[in-house]
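First comes the structure, then the notes that go with it.
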Protein chains: 2
Amino acid sequence: MPMKPTLAACIIPFFIGSACLVQAQDEKPVAIDTRYQTEIQTLAKRPAVQSAFKTFVELEPQTRQDLISLTETASPPFKEQVRARKYADMMKAAGADSVWLDEVSNVLALRRGKGRRKTVVLEAHLDTVFPEGTDVKVKQKGDTLYAPGIGDDTRGLTAVLAVLKGLEKHSIETDADVLFVGAVGEEGLGDLRGVKNLFKPNGPKIDSYIAVDGDGIDGIVHRGLGSHRYRITFKGPGGHSYGAFGIVNPHGALGKAIYYFTQEADKFTREGVKTTYSVSVIGGGTSVNAVPYESWMEVDMRSESPDKLNGIDKLLQAAVQRALTEENQMKRAGPDLTVDVKQVGDRPSGRIEPTVPLVQRAMAVARFMGVTPQLSVGSTNANTPIAKGIPTVTIGSGGTGGGAHSLNEWWLNDKGYLGMQRILLVLLAEAGVK
Amino acid sequence: MPMKPTLAACIIPFFIGSACLVQAQDEKPVAIDTRYQTEIQTLAKRPAVQSAFKTFVELEPQTRQDLISLTETASPPFKEQVRARKYADMMKAAGADSVWLDEVSNVLALRRGKGRRKTVVLEAHLDTVFPEGTDVKVKQKGDTLYAPGIGDDTRGLTAVLAVLKGLEKHSIETDADVLFVGAVGEEGLGDLRGVKNLFKPNGPKIDSYIAVDGDGIDGIVHRGLGSHRYRITFKGPGGHSYGAFGIVNPHGALGKAIYYFTQEADKFTREGVKTTYSVSVIGGGTSVNAVPYESWMEVDMRSESPDKLNGIDKLLQAAVQRALTEENQMKRAGPDLTVDVKQVGDRPSGRIEPTVPLVQRAMAVARFMGVTPQLSVGSTNANTPIAKGIPTVTIGSGGTGGGAHSLNEWWLNDKGYLGMQRILLVLLAEAGVK
């Protein structure tokens, strides 16, 4: 996450490996087809929908309690099971037809539609960026709630839950099946493993994907900023800096690899869709008087364009192989250098055109609610379905928040019910109402 | 150190930053002038010298006790004061004319000569490589004593002390003054600061320098392997790997610096006196999704030739500046990169020709004692006077040892008294006997 079109939260080094929304790129404003504006207005006038809107307001004390309870159920990377079971129980109590955990501990709650020809996913993510042992006790100052993970994305989980409750209470029947999902592994090294598992071969057929992540009611992520991340390690025998001189030096190879990669990558990224690269972390070596036995770097590459992402990835691979070859040619004694290239991150990229009905609907809902829709790019669970060309948006859950990925994370219930109203409208428009 | 012409002890990464003796290079065997052989034979026949020889044997229980007591007085890098005071007390008790600690805590003990036209230094070093808190309790297995630092160079300290005792007991008067020294800072990052302080401007006038370091009675270091060591740090603002893309990347500069340096250094070291370089330790960066704010490397360069050492140093400096300039030219936004070049090691290099009387004398003594003198290169306190062209040797203190710089360091009193006899002969030959 976060959803607000600001970069502030993302540039603080604390937010290690996090998924992150980034600034909207220069995109031409996109018109909203009147067809979708009419559709949303009509939907919103339905008595059951109006009743659900009121229910979101009435539910607020319960939603607040759910938020605190889920936030205080720690959900560190790769350890979301406890929260997952709790969330599954909540989904069951809210009336889903069937609720289960899949093999990676995603919570899946199916609410059957009438037509059952389509499935729309409504998802928030279970995991936080915070390691085990982080104090997740919720503190209140004035009206603001403070706790690690409270906004990103625990608020999203409670908003999705409230939407299910609203549908159930007023017996709103959709045409499509709605699959409510609490997903694991959205953040950092989780590397979208929850959503990737949803889209595994033989997984459920999914026709549309609505991710709920971040606050506010205006942001709409319809582009996935893809990233490839590698940890590359050169290895040699190591030895005394004088006595063993002439053996391969892994740092020599790393220096060459960085040099060749950045020379080519610089040219490659001067044109076309914004594509970035960063040699981010390096290490290796034991002592100033020893040729190291290993040298490693972590590299991050990003682009909205799959072609550009693959292109810059190839430059990295070529640079690494060239460096390996040349360092080995330079050696005067001893065994060859080897290299281990390990991919540690693979977030696919892509875009759903703003003319696609789901995006149009999300825009029309924002307009209906009196705000200006903000189309943007992000690196969220949405990346996976976006890359598959499945109609997808990530939208916020209302209220105002900040400090995502920091220990001072906060969320303020500033008309938070508007978030649920918005989600409900987008969902119903996409899933169809009988 | 150690003194034995073996590399084994030096290639183990544990021996961080250590001074170290290295394998003898291909040097033609050097003849020993009969003049020095005669000189040593004559010296050794003197009754007082013969009596001193016996004294070294008689003193062995005391020398053993001194060795244990000094070894168990920890002397970590930069924290040699406690051992220094203890050693000063021992020197005073042994009969030196005056004993004092200089401003870096070197122990200096002057024994006046008759002529007083020259000063010969006899030195061992006080410091060990072991950090504060290391268990320095001496353990005995069979006849072997085990403890960190017991050989390197605590045995040297006790040998020098015993030589003073022998001189005093038998009233052997030298022509030159003899300055007995317990030096601080020989190892690693101590960077020879003790011996460097001896040779500061306005320091004592020193005409010959005999360092006692290592075991055995055959090794003679007459060449100083110089080294320059740097810690080089590139610094930039740092930022998000996507959002802040285009700012300077310190790792980019480091990669370039390594590339340019090693390309040139490889050519430079293919000819002439053996000269080595090693990019040994690197680091920097906080997270895979952040452009780092700093990138650093530690570089080691060595040569017996001051010209080659300075030459390769210039290649490093040029590569660093070129990398800085080019990384700054590559940037698309933000402030410039800066670089901090910090020299963390400066051991001068040089050689004392084997024809110089002190080296001839050391060789003649070895021959006299029935062993083959082993001329070699080292990186010890001797580097400093050698670089100044002052007649200098590093010789061992007898016995057998091993595991220098490891927690399993050991020393065995295998006719250790021969070490003192050897030191006495070299010293008396160089200082002259009345």
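The values are calculated or read from the model by the stated rules, or taken from the named source; none is laboratory data. Keep in mind the model is a prediction, meaning the values are calculated, not measured. Reconstructed Cβ throughout: ideal geometry from the backbone, glycine too, with neighbour counts over all protein chains shown. Accessible surface areas use protein heavy atoms only, side chains included; no ligands, DNA or RNA. Shrake-Rupley method; radii C 1.70, N 1.55, O 1.52, S 1.80 Å.
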Ignoring any ligand, DNA or RNA, what whole percent of the accessible area of region B:226-347 comes from carbon and sulfur when the probe is 1.4 angstrom?
48
Chain-alone versus full-assembly comparison, region A:280-313, residues with accessible loss of at least 30 Å² (1.4 Å probe)
A:S280, A:V281, A:I282, A:T286, A:S287, A:V288, A:N289, A:R302
When only the heavy atoms of the protein chains count and the probe is 1.4 Å, how do A:E353, B:E187, B:E271 rank by accessible area, highest first?
B:E271, A:E353, B:E187
Tell me: how much accessible area in total is hidden between B and A, 1.4 Å probe, Å², nearest 100?
5000
Treating only the Cβ atoms of Lys and Arg (+1) and Asp and Glu (-1) as charged, compute the dipole magnitude of the protein assembly as shown about its Cα centre; round to the nearest 20 debye.
280
Computed helical MRE - 222 nm, chain B, DSSP H runs ≥ 4 contributing -39500 (n - 2.57), nearest 500
-10500 deg cm²/dmol
Which whole-number percent gives the relative contact order of region B:226-347, counting Cα pairs below 8 Å spaced six or more residues apart?
47
Extending each Cα 7 Å along its Cβ direction at B:T355 and A:K267, get the distance between those two points in nm, one decimal.
5.8
Inside 10 Å of the C-beta atoms of B:245-252, what's the mean count of C-beta atoms belonging to other chains?
5
The correct ranking of A:K256, A:K169 by accessible area at 1.4 Å, largest first, is A:K169, A:K256
Give me the accessible area of B:V136, 1.4 Å probe, in Å² rounded to the nearest 10.
20
At 7 Å out from Cα toward Cβ: B:D97 inter-copy label distances (nm, ascending):
10.7
Using Cα springs under 10 Å in a Gaussian network model of chain A, which residue among A:D207, A:D153, A:D336 shows the largest mean-square fluctuation?
A:D336
Would you kindly work out, in nm and rounded to one decimal, the distances from the label point of B:V341 to those of the same position in each other copy, ordered shortest first, with label points 7 Å along Cα-to-Cβ?
3.4
Say the dipole of chain B comes from +1 at the beta carbon of Lys and Arg and -1 at that of Asp and Glu; which of B:G403, B:S295, B:L157 then lies farthest toward its positive end?
B:L157
To the nearest 10 square angstrom, how much accessible area does B:M90 have with a 1.4 angstrom probe?
30
Hey, rough spin-label estimate for A:V57 and B:E60, points 7 angstrom out along Cα→Cβ, what's it come to in nanometres?
10.2
Farthest toward positive dipole pole in chain B [+1 Lys/Arg, -1 Asp/Glu at C-beta], among B:V181, B:P357, B:V121
B:P357
Measuring from its Cα centre, chain B shows a charge dipole (+1 at each Lys and Arg Cβ, -1 at each Asp and Glu Cβ) which, in debye to the nearest 20, is 740
How much accessible surface does A:H170 have with a 1.4 Å probe, in Å² rounded to 10?
50
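Within 10 Å of each candidate Cβ there may be at most 13 other Cβ atoms; applying that plus a DSSP loop requirement, which trypsin sites (Lys or Arg not before Pro) in region B:279-375 survive? The partial results should precede the final answer.
Numbers: sites: B:R302, B:K308, B:K314, B:R322, B:K331, B:R332, B:K342, B:R351, B:R361, B:R367; in loops: B:K331, B:R332.
When the trypsin sites (Lys or Arg not before Pro) of region B:279-375 are filtered for loop state and at most 13 Cβ neighbours within 10 Å, B:R332 remain.
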Which aspartates and glutamates have a Cα lying under 18 Å from the Cα of A:K137, excluding residues fewer than 8 positions away in the same chain?
A:D66, A:E72, A:E80, A:D127, A:D152, A:D153, A:E409
Taking chain B as the reference, fit the longest principal axis to its C-alpha atoms, fit the long axis of helix B:250-268 to the helix C-alpha atoms, and give the angle between the two in degrees, 0 to 90, nearest 10.
50
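Could you pull out the pairs from A:K388/A:K434; A:K331/B:K267; A:K274/A:K388; A:K139/A:K415 whose alpha carbons sit more than 18 Å apart here?
Details: A:K388/A:K434 28 Å; A:K331/B:K267 12 Å; A:K274/A:K388 21 Å; A:K139/A:K415 20 Å.
As for pairs spanning more than 18 Å Cα to Cα, those are A:K388/A:K434; A:K274/A:K388; A:K139/A:K415.
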What whole-number value in Å² describes the accessible area per residue of region A:226-347 for a 1.4 Å probe?
34
Calculate the dipole size of region A:226-347 relative to its Cα centre from +1 charges on Lys and Arg beta carbons and -1 charges on Asp and Glu beta carbons; express the result in debye to the nearest 20.
40
What does the average come to when, for each residue of peptide A:229-241, you count the partner chain Cβ atoms lying within 10 Å of its Cβ?
3
Which parts of region A:315-364, residue by residue, lose 50 Å² or more of accessible area when the rest of the protein chains are there, as against the chain isolated (1.4 Å probe)?
A:M330, A:R332
Between helix B:81-94 and chain B, what is the angle of the helix's C-alpha long axis to the longest principal axis, kept within 0 to 90° and rounded to the nearest 10?
20
Of the candidates B:Q140, B:A84, B:L110, the farthest towards the positive dipole end of chain B (Lys/Arg Cβ +1, Asp/Glu Cβ -1, centred on the Cα centre) is B:L110
Taking the label point 7 Å from Cα in the Cβ direction, how far apart in nm is B:G272 from each other copy of itself, listed shortest first?
4.6
Chain A, rotation onto B, residue closest to that axis via Cβ, with its distance in Å:
A:Y259, 2
In what order, largest first, do A:V299, A:V341 sit by accessible area if the probe radius is 1.4 Å?
A:V341, A:V299
Could you give the angle, 0 to 90 degrees to the nearest 10, between helix A:34-45's Cα long axis and the longest principal axis of the Cα atoms of chain A?
60
Compute the FRET efficiency between B:A318 and A:D307 as 1/(1 + (r/R0)^6), taking r as their Cβ-Cβ distance and R0 = 25 Å, and round to the nearest 0.05.
0.05
How far is the Cα center of region B:265-343 from the Cα center of region A:79-158, in Å?
50
